[in-house]
Amino acid sequence: MRILFDHQAFTGNKYGGVARYFHQLMTNLRKKGHRVRLSLWISHNVYLDQDPNIRVWKAPLWLGKKWSNLLFSQLNRLASTLWLLSRQYDLVHITFFHDYFLHFIGNKPFVLTYHDLIKEKFGTRYLNLDNANFEQKKKLLDRASAIIAVSHHTKQDLIDIFQIPAHKITVIHHACVFGKNPPDDSVQVVTPPHYFLYVGARNDYKNFPSFLQAFQLIAVKYPEIQLICA
C-alpha cells in the first residue's frame, strides 16, 4: 500500500510524543513492505534528522523560531499539496487538524489519529493548545474514513463529545521502542531514597504549576520526599 503522511506534526516540533509516534509508525510500516512518503521539505525534527530514509532540509531559523516556523509551515503545506495532487498514494494519514488537504484529496481515503481530548474537556483553560476549533475537528472526524484512538478512554470521549459512531474508531495503544536503546552505563544519576520523577515539558497543558501545588501538600507531610524533573 502507498501511504502518504502530511507535514503538520513535524514542521515546528523538534521533539515530542506526537512526532515520535508518527515517525515510528512510518518506520514500521516501511519494514512491513508498505511504500511510505512524508510530504515535507523543511524540518528541524530530531527523529527525521536521524532517519536515512527521509531527506529534509534543516534550514536556519534566520527569522527567529516563530516566524521561521510560520514560513516553513507554508512551504511544507505546499509540498503536501503537490503530493496530494499527484494521486501517487492509496491512503493519506493526516498528522494534525488543519483542513487544507480537503481541497486536494478528492475521493481518496484519509485516516486521523486522535491522542486525547484535553482541549475539548477542559474548555477555556487550554484555548491555545492547538490551532483547530471544535467545528474544524468535527468536520475532519466526520469525513475521515477511519479514526485511530490511542486508548479506550479517548474512543469514548470521541463518541460522547463529537458524536462519532463507535464502529468508525479503532483503539490502537501506543507501543514502545526504548528497548532498542539501552541506557548508557557510563551515565550515573544519583537519586535520593524517596522522590517523585516528573518527565517532560513544564508548560501549557502539562499542568506543572498544578502539580507543584499538589506536591507541596505531600512535601509538608513527608519532607523526605524530593522532586526530580527531567
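The values are calculated or read from the model by the stated rules, or taken from the named source; none is laboratory data. Not measured: the values here are computed from a predicted model. Glycine also receives a Cβ, built like all others from the backbone with ideal geometry; neighbour counts cover every protein chain displayed. Just the protein is used for accessible areas: all its heavy atoms, side chains included, with ligands, DNA and RNA removed. Shrake-Rupley method; radii C 1.70, N 1.55, O 1.52, S 1.80 Å.
Expressed as a whole number of Å, what is the distance separating the alpha-carbon centroids of segment 154-170 and segment 200-226?
What the calculation gives is 33 Å, centre to centre.
Calculate, for segment 16-159, the solvent-accessible area per residue in square angstrom, rolling a 1.4 angstrom probe over the heavy atoms of the protein chains.
With all protein chains present, segment 16-159 gives 55 Å² per residue.
Among rounded, prolate and oblate, which fits segment 38-101 when a ≥ b ≥ c are the square roots of the eigenvalues of its C-alpha gyration tensor, a/c under 1.5 means rounded, and a/b larger than b/c means prolate?
oblate
Between Tyr198 and Lys121, what is 0.36 nm times their sequence separation minus the Cα-Cα distance? Round to one decimal in nm. Mind showing how you got there, number by number?
Numbers: separation 77, 0.36 × 77 = 27.72 nm, distance 2.35 nm.
Extra length from Tyr198 to Lys121 when fully extended: 25.4 nm.
If you count only protein heavy atoms and use a 1.4 Å probe, how large is the accessible surface of His23, to the nearest 10 Å²?
In the full protein context, His23 sits at about 20 Å².
Calculated from DSSP H runs of 4 or more alone, at -39500 (n - 2.57) each and per residue, what is the 222 nm mean residue ellipticity of the chain, nearest 500?
-11000 deg cm²/dmol
What pairs in Lys31/Lys66; Lys31/Lys65; Lys32/Lys168; Lys121/Lys221 have C-alpha atoms more than 27 Å from each other?
Lys31/Lys66; Lys31/Lys65; Lys121/Lys221
Calculate the FRET efficiency for Gln74 and Ser145 from the Cβ-Cβ distance with a Förster distance of 22 Å, rounded to the nearest 0.05.
0.20
By how many nm would the segment from Leu29 to Ala59 grow when fully extended, if each residue of separation counts as 0.36 nm and the alpha-carbon distance is taken off?
Separation in residues times 0.36 nm, less the Cα-Cα distance, equals 8.0 nm.
Given R₀ = 41 Å, what would the calculated FRET efficiency be for Lys138 paired with Ala214, taking r from the Cβ atoms and rounding to 0.05? Intermediate results must be reported in sequence, preceding the final value.
Working: r = 34 Å, r/R0 = 0.82.
Efficiency computed from Cβ-Cβ geometry: 0.75.
Nearest 0.05, what FRET efficiency do Cys229 and His103 give at R0 = 30 Å with Cβ-Cβ as r?
Efficiency for this residue pair is about 0.10.
Leaving ligands and nucleic acids out of the surface, order Leu117, Leu71 by accessible area at 1.4 Å, largest first.
Of Leu117, Leu71, the descending order of accessible area is Leu71, Leu117.
Using θ = phi - 60° and the Karplus form 6.51 cos²θ - 1.76 cosθ + 1.60, what ³J(HN,Hα) does each residue of segment 148-156 get, whole Hz, x for Gly and Pro?
3J(HN,Hα) across segment 148-156, in whole Hz: 9, 10, 7, 7, 5, 5, 5, 4, 5.
Which angle between 0 and 90 degrees, to the nearest 10, do you get for helix 65-86 versus the longest principal axis of the chain when only C-alpha atoms count?
Computed tilt is about 40 degrees.
Over segment 1-83, one equal point on each Cα, no solvent: what is log10 I(q)/I(0) by the Debye formula at q = 0.15 Å⁻¹?
For segment 1-83 at q = 0.15 Å⁻¹, log10 I(q)/I(0) is -0.50.
Relative contact order of segment 134-178, please, whole-number percent, based on alpha carbon pairs below 8 angstrom and at least 6 residues apart.
Once divided by the residue count of segment 134-178, the mean separation gives 42 percent.
Using a 1.4 Å probe on the protein heavy atoms only, what accessible surface does Glu224 show? Give it in Å² to the nearest 10.
90 Å²
If you line up the long axis of helix 134-143 against the longest principal axis of the chain, both from Cα atoms, how many degrees apart are they, to the nearest 10?
50 degrees
Counting Lys and Arg as +1 and Asp and Glu as -1, what is the net charge of the other residues whose Cβ lies under 14 Å from the Cβ of Thr81?
Every neighbour counted, the sum reads +2.
What ranking of Thr154, Thr27 comes out by heavy-atom accessible area, probe 1.4 Å, highest first? It would help to have the intermediate numbers written out before the result.
Values: Thr154 10, Thr27 30 Å².
Solvent-accessible surface, decreasing: Thr27, Thr154.
Hey, what did segment 1-136 get for relative contact order, percent, Cα under 8 Å, at least 6 apart?
Normalised by residue count, the contact order of segment 1-136 is 28 percent.
Is the C-alpha gyration tensor of segment 152-230 telling us rounded, prolate or oblate? Criteria: a/c under 1.5 is rounded; beyond that, a/b larger than b/c is prolate, otherwise oblate.
Judged from the Cα gyration tensor, segment 152-230 comes out oblate (a/c at least 1.5, b/c at or above a/b).
Ignoring ligands, DNA and RNA, what percent of the 1.4 Å accessible area of the chain is carbon and sulfur?
Carbon and sulfur: 57 percent of the exposed surface of the chain.
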